[in-house]
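In what follows, a structure is listed as structure tokens, so that the remarks can point back to it.
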Amino acid sequence: MATFEAPAATLPAVHARTEPGGLVAWLTTVDHKRIGILYGVTAFAFFLVAGLEALLIRLQLAQPDGRVLSAATFNALFTMHGTSMVFLAAMPLASAMFNYLVPLLIGARDVAFPRLNAFSYWVFLLGGLFINASWLTGTAPDAGWFGYAPLTEKPFSVGPHSDFWLLGLIFLGTSSIVASLNFLVTILNLRAPGMGLLRMPIFAWNTIVTNVLILLAFPPVTVALVFLLFDRFFGTSFYLPAGGGSPVLWQHLFWIFGHPEVYILILPAMGIVSEVLPTFARKPLFGYAAVVYATALIGFLGFGVWAHHMFAVGMGPIADSAFALTSMLIAIPTGIKIFNWLATLWGGSIRLTTALWFACGFIGMFTIGGLSGIMHASPPVDLQQTDSYFVVAHFHYVLFGGMILGIFAGIYYWFPKATGRLLDERLGRAHFWLLLIGLNLTFFPMHFVGLMGMPRRIYTYAPDLAWTGWNLAITVGAVVQGVAMLVFVANVVRTLRRGAPAGPDPWDGRTLEWGIPSPPPPYNFATIPVVRRRDALWLTKHPDARGPGLDDPRALVVPRGPIHMPAPSWWPLLTALGIAALMTGFLVHPAAAVLGGLLTAAAALRFGTELLVPAGAAPPHDGGGAHDATHIGSTGLDHRKLGVWTFIGSECLFFGTLISTYLVYRGRSLQGPYPRDILNVPLISVSTFVLLMSSLTMVLGVAAIQAGDVRRTRRWLLATAALGCVFLIGQVYEFNHFVHEGLGLTTNLFAATFYVMVGFHGAHVTVGVVWLSTLVYLLGRGRVGPRQEVLVDAAGLYWHFVDVVWIAIFTLVYLIQ
Amino acid sequence: VVVAAFLLAITVMEVWVFYIPALARVLVPILLLLSSAKFALVAMFYMHLRFDHPWFSYVFVGPLIIAVTLAVSLLWLFGHIGTTGIRGLGPG
């Protein structure tokens, strides 16, 4: 029996609504394990599609003067290959791992917000289908995966090619941000008793840092995409020099996201490898604390290196030197991790399983990619290599040789946990060696052709350039990789049909998930373990390694009363469908977009209130329990409050980017009216006063609910919403006045940056008004009562944040003109 | 209510200094200071960061610092602050 499995007689009562069967079970599931499997299967399908796109690219380039593809199709293929691999395959494969593993690794029964988790998946799936639907209309994106402006602007990208791309990325970004918020709150708040931050499995640490990066890096690129959307749909000039805009701004905003994105992709793989190596070396991870700090440092430094992608722009020697320095610095924590992995293997009692082969492959390939990365950190070297195949070689060693090999290490390691069956080791090794040979045959020669001058993204080349032999070798390598993937698929199919039973702990694992059955029961842990030390499970199984004074964790298992399982729900899927309708509406007709927006709002409202029922009625279960007490994590904090704070943290970057752009473009308008001609300080001072007063009424509302006075709470919340409406009326009046004064959205850069920034703030105020009005209604119907004061508190935090954003806008826009 | 009174007073001061020509040279630092004070008052008292669990401060202040740093970096890279070593990328 597994270590943390309870005998049937002692199993706590499990309260769960009867799960629907068949397809409905998957459509309405909120179980993190099922959602993890959905993520994994969907992401692998997109991975195969993107791989096929790469094979087509290689067939075209196998010979000089290739005739397999037209130039236009080639452009679409490399764009979709890069976009799909990054956003639809690599990131979601990591999400699959986070979903399936994080609650198991930290001793939790599910994630903090199970329905939001399902929502993230459906948005990802529909976003992926949305972008790929462009193939069916013959308008696949074709401007490259980083969509450099002005190539993506209307004059240069006619038709909906780039519209599919930018709307799809905004769509997918929503999924990523929501999922990240969920994982962060889960890890911070749902760890097993005793599992301090430095006792967590290292994969959980990598998950934390990855998701912090997602939360902070996606808002800037979302703003960048919104600007592009305004340029393409409404005629602004954010990136068009003719209107005063700068294409360089796109590059900055994209790479402020794009470089952390590299770590978003590689850190999960590093986490996997850091779990696999100690298990098969049968010794603890060498320098656990150093690896944790190195991971955090990589995440932190990752935000200060973005412009090394832009050395060719000509930013000047000081800027180039600064970014070269930070880029080289990041090699230090990375090196720490590599040496710690090697030291973990050193002197270990090694079991050479397929998972370990892949983990070792990861170290080797990632190191090769890292070394060429350090070359790119030097501006003079980078100038020689930029936009050549040398760069393509570099990032494929990092992301394919690194990230994908790491993911496969994880798949071979945890597949038995998810399915109860062991993948075939013989086929696994064939898969590994074919992939290792194939990827080196593909990507290593790219260094040579790059140095010989072959630019990336050319669809054909002349026969007299001496690139032919290398290109043929690269194509052969790509085909070998394709064969390796077929071997893997065959292995999975064979194992699912007749694989050897795995048992709960086939690898003599170190982390908590190996203490429960394979596959785990819906509630994961019958009893929640107490964690007294790192690698607690392994020490349980190996008392000799435990040392004096350390208890057997089995003796410290704490019963937690009945198990409440979250109920399935249709609303995550329906809300995601609403967003899909909104995005599709942008491409079809403005009225369709409005309809999609209304559908989304209606579904989101139902989603948000689904679990709130009148006092006395039996509520559906959520997040491990029906009662408010179960929203309290092991830290004593409420998930919902921590979630709102995390969201607010992410919003800092969103508004920070909007305000930055306004300031960067200040004084660049080619024609008036200019701010000093038109901004009405007295009027806005009154509006500002109104908004500040709404914060006061909000505070009084929170105080009232804390005092248990529902009537007074409703009154203050209503007053807050009313003041919000007054502020919005002031904003509408101001916009109307500006338009009458000749300042339309497209008049100049001031207008564009002002309307978008202030408009988004107004949209946030509107959401706040709807939120507060809903609370007033629910309080009146008895669906929210004094026991749910955290719901009012959370709304208050959001409202005050909108207020502080306005404090910044008022000063930076209206007073500092 | 006391915090609201302070917020109101600071806003009045901001608008007041905006209309004093003699302060034009030091207007920006004064306004940034006053605005930061308002921001801090709302965050510390209305959002009760001063009294709440420190994690809430971490998940708010950390991103805020990164956002401000990115804003300053962009202003520097576009030539609004200091110099990047060459001319031509600045405004206009």
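Nothing in this text is a laboratory measurement; each read-out follows from the coordinates by a stated rule. Note that the structure is a prediction, hence the values are computed from the model and not measured. Quick reminder, even Gly has a Cβ in these numbers, built from the backbone with ideal geometry, and neighbours come from all protein chains shown.
Using Cα positions and a limit of under 15 Å, work out the aspartates and glutamates in reach of A:K154, with same-chain residues fewer than 8 apart set aside.
Answer for A:K154, where 15 Å is the Cα cut-off: A:D142, A:D163, A:D231, listed by chain and number.
Name the residue farthest towards the positive end of the dipole of the protein assembly as shown from the options A:A343, A:G402, A:L537, assuming +1 on Cβ of Lys and Arg, -1 on Cβ of Asp and Glu, about the Cα centre.
Farthest towards the positive end: A:L537.
I want the local charge near A:I35. Using Cβ-Cβ distances under 13 Å, sum +1 for each Lys or Arg and -1 for each Asp or Glu among the other residues.
+1
Among rounded, prolate and oblate, which fits region A:35-166 when a ≥ b ≥ c are the square roots of the eigenvalues of its C-alpha gyration tensor, a/c under 1.5 means rounded, and a/b larger than b/c means prolate?
prolate
Work out the mean other chain Cβ neighbour count within 10 Å for the residues of B:6-13 and drop it here as an integer.
Other-chain Cβ atoms within 10 Å of each residue's Cβ, averaged: 3.
In what sequence, highest mean first, do A:87-96, B:11-20 appear when ranked by Cβ atoms within 10 angstrom? Walk me through the numbers before you get to the answer.
Working: A:87-96: 27.0, B:11-20: 15.5.
Descending mean neighbour count gives A:87-96, B:11-20.
If you put +1 on each Lys and Arg Cβ and -1 on each Asp and Glu Cβ, how big is the dipole of region A:430-553 around its Cα centre, in Debye rounded to 20?
For region A:430-553, the charge dipole is close to 200 debye.
What order, most packed first, do the peptides A:439-448, A:347-356 have when packing is the mean number of other Cβ atoms within 10 Å of each residue?
Put in order of decreasing packing, that is A:439-448, A:347-356.
Would you mind checking A:K417/A:K541; A:K283/A:K337; A:K283/A:K541; A:K417/A:K641 for any pair whose Cα atoms are more than 22 angstrom apart?
In this structure, A:K417/A:K641 lie more than 22 Å apart at Cα.
Using Cα pairs under 8 angstrom and six or more residues apart, how large is the relative contact order of chain B, in percent?
16 percent
About the Cα centre, and with charges only on the beta carbon of Lys, Arg (+1) and Asp, Glu (-1), how big is the dipole of region A:363-430? Nearest 20 debye, please.
400 debye
Lys/Arg Cβ at +1, Asp/Glu Cβ at -1, dipole of region A:150-263 taken about the Cα centre: which of A:F230, A:L181, A:L167 is farthest positive-ward?
Going by the Cα projections, it comes out as A:L181.
What list do you get for A:V739, A:V813 if you sort them by fewest beta carbons within 10 Å?
A:V739, A:V813
Once Lys and Arg get +1 and Asp and Glu get -1 on their Cβ, which of A:L285, A:L451, A:L125 lies farthest toward the positive end of the dipole of the protein assembly as shown?
A:L285
Could you give me D for the protein assembly as shown, from Stokes-Einstein at 4 °C and 1.567 mPa s, where the hydrodynamic radius is the Kirkwood radius over C-alpha pairs? Units µm² s⁻¹, please.
45 µm²/s
Calculate the mean, over all residues of peptide A:217-223, of how many other protein chain Cβ atoms lie within 10 angstrom of the residue's Cβ. Before the final figure, lay out the partial values.
Values: counts 1, 0, 2, 3, 0, 0, 0.
Average per residue, whole number: 1.
Given the protein assembly as shown, what percent of its DSSP beta bridges are antiparallel, to the nearest 5? Before the final figure, lay out each step's value.
Values: 6 of 8 bridges.
Around 75 percent antiparallel, to the nearest 5.
Please sort B:23-32, A:483-492, A:262-271 by packing, taking for each peptide the average over its residues of neighbouring beta carbons within 10 angstrom, highest first.
Put in order of decreasing packing, that is A:262-271, A:483-492, B:23-32.
Averaged across A:642-649, how many Cβ atoms of other chains sit within 10 Å of each residue's Cβ atom?
The shielding value for this peptide is 5.
Taking other Cβ within 10 Å of each residue's Cβ, how do A:T334, A:T137 sort, fewest first?
Details: A:T334 22, A:T137 12.
Final ranking by Cβ density, sparse to dense: A:T137, A:T334.
Given H placed 1.01 Å from N in the peptide plane, which residues other than close sequence neighbours of A:I563 have an amide H under 5 Å from its amide H?
Residues meeting the criterion, in which the H sits 1.01 Å from N, are A:A13, A:V14, A:H15.
Once every DSSP H run of n ≥ 4 in chain A is given -39500 (n - 2.57) and the sum is divided by its residues, what mean residue ellipticity at 222 nm do you get, rounded to the nearest 500 deg cm²/dmol? Let's see the in-between values first.
Details: 26 runs with 522 residues, N = 817.
Mean residue ellipticity, 222 nm, calculated: -22000 deg cm²/dmol.
Which of A:R715, A:R498, A:R781 has the fewest other C-beta atoms within 10 Å, and how do the rest follow up to the most? Don't skip to the end; give the middle numbers.
Values: A:R715 16, A:R498 8, A:R781 12.
So the residues, fewest neighbours to most, are A:R498, A:R781, A:R715.
Count charges around A:R676 for me, please; just the other residues with Cβ under 14 Å from its Cβ, Lys/Arg as +1, Asp/Glu as -1. Mind dumping the intermediate values first?
Numbers: positive: A:R666; negative: A:D677, A:E741.
Net charge in that neighbourhood comes out at -1.
Quick check: net charge around B:S57, other residues with Cβ under 14 Å of its Cβ, Lys/Arg +1 and Asp/Glu -1?
Charge balance in the 14 Å sphere: +1.
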